[in-house]
Amino acid sequence: MSTRFRAVAAAAVALALAAALGGLQAADAADSPPPAQYQEMHADCTVNHELSDDPIVFPGVPGASHNHTFIGNPTTNAFSTPDSLVGGASSCEDPLDASGYWFPTLYQNGVPLIPDKPVIYYKSGVKDYRTVQPFPAGFKLLVGDAHNTVPANFTGSWKCPGNAGTDFPASCPNGSSLVVRLQAPSCWDGVHLDSADHKSYMAWPVKGVCPADHPVPLPMLEAKIPYPLANGNTSGLTLASGPAYTFHYDFMNGWNAARQAYLVDYCIHGGRQCNGYGVDTKNP
């Protein structure tokens, strides 16, 4: 990571926070935000390890979990905390995103499948995208349910061309990838960074507005995990957690605070579609 990159990120925090406050004031003064097709930034990352660890669900207990595939910070393990991740290395395109992201390993006939270019989107889940705030330091989140037994309760999808649903498709076209997507609730209670279920401090927006008991809009995470398939073959697929509808993912915030604040303001408040480097090539 270059000294110049660190300096730019550090210098941006005051501007980003001031702009965020300005955005909130503007939101109060206007009935609706300006039209914007996109309000998002990306964490574009590569896989760096697999472990049967989960520092959110089984903190400090290595090997206690089903197997997970990890992207982002390459040191993430059972003993990781947000504080231990910040300032570390990353397999994401933005070197200041040292967050840990992990999801159950997908097997085909007992062999792990390596995802190709996983993406974690950071979007606005609320109508007024100018009010979205960065994830606070120390934040953790579990999205989905590893113990789900009802396919209809899975809010994500498994998709390849011509097929989409809550279970693995019977087949996919030759040369295609099987893609799983799952969104997270984006309204925070403004107090808790974790809870017993690792979820209850977050809620879904209602008609584009955060409810009164979870009033703070944070970025809406959406995982997009593509798995290349040999000849479109989907036979023998299973997650380490079980059936397709047990897919879930975890996020432990390891962002450089200044960099995240800048990107939330520039990309989400700015109505842009930023890539993994924090650049919107179509709307600079």
Checklist (1) farther than 21 Å from Ile71 by Cβ; (2) within 20 Å of the chain's Cα centre (by Cα) applied to Ala137, failing item: (1)
Candidates Gly242, Gly276 - the one that is under 25 Å from Lys159 (Cβ atoms) and either more than 19 Å from the chain's Cα centre (by Cα) or among the hydrophobic types (A, V, I, L, M, F, W, C) (or both): Gly242
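Of all the residues that make up region 181-193, how many are in a loop (DSSP other than H, G, I, E, B) and within 21 Å of Tyr121 (Cα to Cα)? Talk me through it step by step, then tell me what you get.
Step one: list which residues in region 181-193 are in a loop (DSSP other than H, G, I, E, B), which gives 184-186, 189-193.
Remaining after also requiring within 21 Å of Tyr121 (Cα to Cα): 184-186, 193.
Adding up the residues that qualify gives 4.
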Residues (at pLDDT 95 or above and open to solvent by less than 30 Å² (accessible area, probe 1.4 Å)) located in region 20-43: Glu40, Met41, Ala43
Sole residue being part of a strand (DSSP E or B), more than 27 Å from Leu85 (Cβ to Cβ) and touching a residue at least 12 places away in the same chain (Cβ under 8 Å), chosen from Leu178, Leu221: Leu178
Positions within region 45-85 being touching a Cys at 6+ places or on another chain (Cβ under 9 Å) and surrounded by fewer than 19 Cβ atoms within 10 Å (Cβ to Cβ), in sequence order: Thr46
Qualifying positions in region 246-284 - on the phi > 0 side of the Ramachandran plot and of a type in the set (A, V, I, L, M): none
Subset of region 210-252 [touching a helix residue (DSSP H, G or I) at 6+ places or on another chain (Cβ under 6 Å) and either among the charged types (D, E, K, R) or closer than 27 Å to Ala36 by Cα (or both)]: Pro217
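The values are calculated or read from the model by the stated rules, or taken from the named source; none is laboratory data. Keep in mind that what you see is a predicted model, and the values were worked out from it rather than measured. Positions of Cβ are backbone-derived with ideal geometry, glycine not excepted, and every protein chain shown enters the neighbour counts. Protein only, heavy atoms only, side chains kept; ligands, DNA and RNA dropped before computing areas. Shrake-Rupley method; radii C 1.70, N 1.55, O 1.52, S 1.80 Å.
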